[in-house]
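The values are calculated or read from the model by the stated rules, or taken from the named source; none is laboratory data. A quick note: this is a predicted structure, and the numbers were derived from the prediction, not measured. Heads up, the Cβs are rebuilt from the backbone with ideal geometry, glycines too, and the neighbour counts pull from every protein chain shown.
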Amino acid sequence: MLIEFSVENYKSFRERATLSMIAANLVSEDKKLDEDNLFEAAPGFRLLRSAAIYGANASGKSNLVSAFKFMQKFVMNSVNSTKPTNGIDVEPFVLNTQSTDRPSIFEVVFCINSRQYRYGFEVTKHEVLSEWLFVQLSTKETTLFAREGSDIRCGRTYKEGHGLENRTRPNALFLSVAAQFNGRVALSILGWFQMCCLVSGLSDNQFRPLTVELLLRQAEGTGIVDFVRALDTGVGSLGVKAPASEGFGYDFDPYGKVTSEHNVRDGNGHVVGRKTFDVTESESQGTQKLIGLAAPILTTLRLREVMFIDEFDARLHPIISRAIISMFNDPKINAGKGQLIAVTHDTNLLDKSLFRRDQIWFVEKDKYDQSHLTSLAEYRVKNDAAYEKNYLQGRYSAIPFIGDLSALPKVKDVVA
């Protein structure tokens, strides 16, 4: 489970920005939110089940997700995908001469099996400048390892790292090296990163193979069908068609492709049969998105995973977007304590009956084109405030400021 994620000097985030899933010390107008939308990660330590991130176009919202994606990818692949002479594909803030050559910093705090870790690193386009891993034991943090350039020092309790210090290239992470040598802690941390699910709402096809795989399993397949059917898509059932079958062209994955079934009725409205369709050819873009998202959403809910969805509201009706958020906020449905971070423009979700103030975040660029991340909990907001109305009125900033459109050339002048 995710506790905090921080990034500095990456793309539009020049200064340190921290997304925290730690529940703030506040009381909602609807007290039920203070019970349902939180879960206890440890005695007296509560985390949020979901969060929504708002901001104008080009404010940097997607860059926050991109920062986590870079960290995930570098942790997973820095040993295998980079050669000794390769650079590091990191993008510092380039609109300030003092930032271009500064390192980019990434840090995440998370829990694995009730144990809290803090891991991070500083990188340039050429090398890893520093790297650290701490574990929370009782009320104190213990250093597992700390790295400054080529100087890597392992703590006494981090025995799996001893002897590997000289095996780490300047452009690779020590954590990844330890995992390559089957270090138990390192492997568990890489496993946590691997289980974090990052989805673009504009290109969600990447998870359709997983949906197909689960459809082929009876229990999981039933859950996916129930999920899609419950969201009023009109789909009666889902199936998988073998790749070689005639009439079905492009296949999502090696197993086959998703098909949908709809009822066929006679003139009196009675069901007399079912008709099978190719999902990509016959279902709406919104239904296709739900089918693509079904597997990662249900897996996240079941396995205590973390899910980021950029452009969450794209191709989804606001009521369906709200229903998905409500699933994560419902302790009965989300018994596995999965977490959802949704980047969205859907202001219908800015509702005090759906979110606590600490679940709502805003990204805004300043006059220097630097992005800043702020929680609604940091504002002085009354419990009965109308979040959506206030946001659209600019009280929380993070909205676009429209220029004088009347000054644009008239169409006839442009054509002429």
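Is one or more of the residues making up region 116-133 of a type outside the set (A, V, I, L, M), in contact with a Cys (Cβ under 7 Å, 6 or more places away or on another chain) and assigned to a strand (DSSP E or B)? Reasoning before the result, please.
Pass one, region 116-133, residues of a type outside the set (A, V, I, L, M): 116-122, 124-127, 130-132.
From the residues that got through so far, the ones that are in contact with a Cys (Cβ under 7 Å, 6 or more places away or on another chain) too are none.
No: zero hits.
Only one of these conditions is not met by Asn25: (1) outside any strand (DSSP E or B); (2) touching an Asp or Glu at 6+ places or on another chain (Cβ under 6 Å). Which number is it?
Of the numbered conditions (1) outside any strand (DSSP E or B); (2) touching an Asp or Glu at 6+ places or on another chain (Cβ under 6 Å), the odd one out for Asn25 is (2).
Residues in region 255-307 that are of a type in the set (Phe, Trp, Tyr) and either part of a loop (DSSP other than H, G, I, E, B) or modelled with pLDDT under 85 (or both): how many?
Of the residues in that region, 1 qualify.
Just a yes or no: is a residue in region 111-126 closer than 17 Å to Ala67 by Cβ and at pLDDT below 95? Before you say what the answer is, go through the steps one by one.
Within region 111-126, the subset closer than 17 Å to Ala67 by Cβ is 118-125.
Applying the additional criterion that residues be at pLDDT below 95 yields 125.
Within region 111-126, one or more residues are closer than 17 Å to Ala67 by Cβ and at pLDDT below 95.
Looking only at residues in region 195-251 that are in a strand (DSSP E or B) and in contact with a Gly (Cβ under 6 Å, 6 or more places away or on another chain), which one is modelled with the highest pLDDT?
Val240
I want to confirm something. Restricting to region 48-72 and keeping residues that are in a helix (DSSP H, G or I) and touching a helix residue (DSSP H, G or I) at 6+ places or on another chain (Cβ under 9 Å), which single residue is surrounded by the fewest Cβ atoms within 10 Å (Cβ to Cβ)?
Out of the qualifying residues, it is Gln72.
Which residues, taken from region 149-163, are in contact with a Phe, Trp or Tyr (Cβ under 6 Å, 6 or more places away or on another chain) and not in a strand (DSSP E or B)?
Passing the criteria: Tyr158, Gly161.
Considering each residue of region 146-173, count those that are in contact with a helix residue (DSSP H, G or I) (Cβ under 7 Å, 6 or more places away or on another chain), closer than 23 Å to Lys125 by Cα and buried (at least 16 other Cβ atoms within 10 Å of the Cβ), and give that number.
Qualifying residue count for the region: 4.
Cβ-Cβ below 6 Å, separation at least six or inter-chain, first residue in region 295-306 and outside the structural domain of Asn334 (by TED's automatic domain parsing), second small (Gly, Ala, Ser) and assigned to a helix (DSSP H, G or I): which pairs?
Within 6 Å, the pairs are Leu298/Gly223.
Here is a yes/no grid of residues against (1) touching a Leu at 6+ places or on another chain (Cβ under 7 Å); (2) in the same structural domain as Arg102 (by TED's automatic domain parsing); (3) closer than 27 Å to Ser50 by Cβ; (4) without any contact (Cβ under 8 Å) to a residue 12 or more places away in the chain:
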position: Ser130; (1), (2), (3), (4): no, yes, no, no
position: Glu148; (1), (2), (3), (4): no, yes, no, no
position: Lys159; (1), (2), (3), (4): no, yes, no, yes
position: Asn166; (1), (2), (3), (4): no, yes, no, yes
position: Leu173; (1), (2), (3), (4): no, yes, no, no
position: Trp192; (1), (2), (3), (4): no, yes, yes, no
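So which residues in region 4-29 are in contact with a strand residue (DSSP E or B) (Cβ under 7 Å, 6 or more places away or on another chain) and surrounded by fewer than 18 Cβ atoms within 10 Å (Cβ to Cβ)?
Result: Glu4, Glu15, Arg16, Thr18, Ile22.
When residues of region 30-47 are filtered for being surrounded by 12 or more Cβ atoms within 10 Å (Cβ to Cβ) and not aliphatic (A, V, I, L, M), how many remain?
Residues flagged as surrounded by 12 or more Cβ atoms within 10 Å (Cβ to Cβ) and not aliphatic (A, V, I, L, M) within region 30-47 amount to 7.
Restricting to region 358-374, give me the number of residues that are surrounded by fewer than 22 Cβ atoms within 10 Å (Cβ to Cβ) and under 20 Å from Asp313 (Cα atoms).
Number satisfying all stated conditions: 1.
Show the residue pairs that are 6+ apart or on different chains and have beta-carbon atoms under 6 Å apart, the first residue being within region 209-228 and in the same structural domain as Gly286 (by TED's automatic domain parsing), the second being part of a loop (DSSP other than H, G, I, E, B) and at pLDDT 75 or above.
Short answer, once both residue conditions are applied: Val228/Val235.
Conditions first: (1) in a loop (DSSP other than H, G, I, E, B); (2) modelled with pLDDT of 90 or more. Arg315 passes all but one, so which condition is the exception?
Answer for Arg315: the failing condition is (2).
Yes or no: Ser99 surrounded by fewer than 20 Cβ atoms within 10 Å (Cβ to Cβ) and assigned by TED's automatic domain parsing to the domain that holds Leu164? It would help to see each step written out before you state the result.
On the way: surrounded by fewer than 20 Cβ atoms within 10 Å (Cβ to Cβ): yes; assigned by TED's automatic domain parsing to the domain that holds Leu164: yes.
So Ser99 fits the description; yes.
Does Lys367 qualify as being under 30 Å from Leu95 (Cα atoms) and either among the aliphatic types (A, V, I, L, M) or assigned by TED's automatic domain parsing to the domain that holds Phe93 (or both)?
yes
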